[in-house]
Amino acid sequence: MSLLRITEIFHSLQGESNTVGIPTVFIRLTGCPLRCVYCDTAYAFTGGKKIEIAEIIAQSEQYGTRYITVTGGEPLAQSACLELMTKLLDKGYFVSLETSGAIDISAVDPRVVKVMDIKTPGSGESGKNLYQNIDYLDTKDQIKFVIGNDEDYAWSKAALTEYELAGRCEILFSPVMGQQNPAELAEKILQDRLPVRFQIQLHKLLWDDAQGK
Ligand code: SF4
């Protein structure tokens with residue numbers, strides 16, 4: 001039986017992506033090879049507890065929602081994450097994956113809704129983007145740009161064109177809270193007629209924390 005190192009399993013409202021506001025179980029896997037300067041889940045870099053996949057699923061079932069988000073850290077840093085997601089899908093759950101974009105996603109079960117970052121320069125980790133991952137995204141998936149300043153915005157806008165992202169999947173532009181003024185970002189998106197969805201993390205507005213409560 002496969003084991004995964006888990007930081008927490010909890011129930012909250014989805015704070016971002018196109019299922020925002022839906023009650024969701026979050027399975028947060030421990031560990032991440034990146035160190036984004038704005039990271040709000042550094043507590044998941046280390047520690048955690050090794051739990052069998054069957055037990056993770058049993059814990060997730062108790063909340064009575066069909067929506068499960070596998071997150072981190074970087075969940076794909078643990079290879080058994082692939083098995084967990086497939087088993088959840090086989091049980092009829094709607095499974096989404098939040099991933100940094102720095103790890104190969106080609107082996108992820110195609111039924112998983114992938115929410116993949118493309119790291120902007122302001123994260124300090126844009127050199128780790130694996131652009132070949134874009135080939136494994138389709139219309140149900142999402143790419144997220146977290147924007148902290150004008151340079152990040154210009155860079156993200158250029159990436160839309162360079163990687164022909166419009167139409168491949170939904171594109172999310174999200175401000176770094178406390179750093180990028182959300183209204184200014186919204187104005188720029190409108191002014192430049194960008195084919196993206198602006199989002200503010202709901203959980204930050206409601207509870208001012210990393211994800212959920
Ligand atoms: S990829 Fe996510 S978890 Fe890892 S350092 Fe960056 S923001 Fe934090």
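The values are calculated or read from the model by the stated rules, or taken from the named source; none is laboratory data. All of these numbers come straight from a predicted model, not from anything done at the bench. Here Cβ is always computed from backbone atoms with ideal geometry, including for glycine, and neighbour counts include all displayed protein chains.
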Give the residues of the stretch 39-58 that are under 14 Å from the mean Cα position of the chain (by Cα) and touching a residue at least 40 places away in the same chain (Cβ under 8 Å), sorted by residue number. 40, 41
Residue match in the stretch 102-109 (condition: within 16 Å of the ligand (Cβ to nearest atom), in a strand (DSSP E or B) and without any contact (Cβ under 8 Å) to a residue 40 or more places away in the chain): no
For the list (1) in contact with a strand residue (DSSP E or B) (Cβ under 7 Å, 6 or more places away or on another chain); (2) surrounded by fewer than 20 Cβ atoms within 10 Å (Cβ to Cβ); (3) at pLDDT 95 or above; (4) closer than 29 Å to residue 205 by Cβ, I need the number of the one condition that residue 19 fails. (3)
Name the single residue, out of those in the stretch 53-92 being outside any loop (DSSP other than H, G, I, E, B) and charged (D, E, K, R), that is nearest to residue 16 (Cα to Cα). 61
With respect to residue 205, is the statement that it is out of contact with any Asp or Glu (no Cβ under 7 Å at 6 or more places or on another chain), surrounded by fewer than 18 Cβ atoms within 10 Å (Cβ to Cβ) and modelled with pLDDT of 95 or more true? no
Please work out which one of (1) within 16 Å of the ligand (Cβ to nearest atom); (2) farther than 17 Å from residue 101 by Cα; (3) surrounded by fewer than 15 Cβ atoms within 10 Å (Cβ to Cβ) is the condition residue 35 fails and give its number. (2)
The correct count of residues that are under 21 Å from residue 135 (Cα atoms) and surrounded by fewer than 15 Cβ atoms within 10 Å (Cβ to Cβ) in the stretch 182-202 is 1
Residue that is surrounded by the most Cβ atoms within 10 Å (Cβ to Cβ), among those in the stretch 40-99 that are away from the ligand (no atom under 16 Å from the Cβ) and under 24 Å from residue 146 (Cα atoms): 68
Checked pairs for the stretch 84-98, first on the phi > 0 side of the Ramachandran plot, second modelled with pLDDT of 95 or more and surrounded by fewer than 23 Cβ atoms within 10 Å (Cβ to Cβ), C-beta under 8 Å and 6 or more apart or across chains, list as 92/66
Please identify the pairs in which a residue from the stretch 153-181 that is closer than 16 Å to residue 134 by Cβ and part of a strand (DSSP E or B) has its Cβ atom under 7 Å from the Cβ atom of a residue that is basic (Lys, Arg) and modelled with pLDDT of 95 or more, counting only partners at least 6 apart or on another chain. 170/197; 171/197; 172/144; 172/197
Selection count, the stretch 112-123, where residues are under 16 Å from the mean Cα position of the chain (by Cα), over 23 Å from residue 85 (Cα atoms) and not in a loop (DSSP other than H, G, I, E, B): 1
Looking only at the stretch 124-142, filter to residues that are touching a residue at least 40 places away in the same chain (Cβ under 8 Å) and not in a helix (DSSP H, G or I); which one of those is surrounded by the fewest Cβ atoms within 10 Å (Cβ to Cβ)? 124
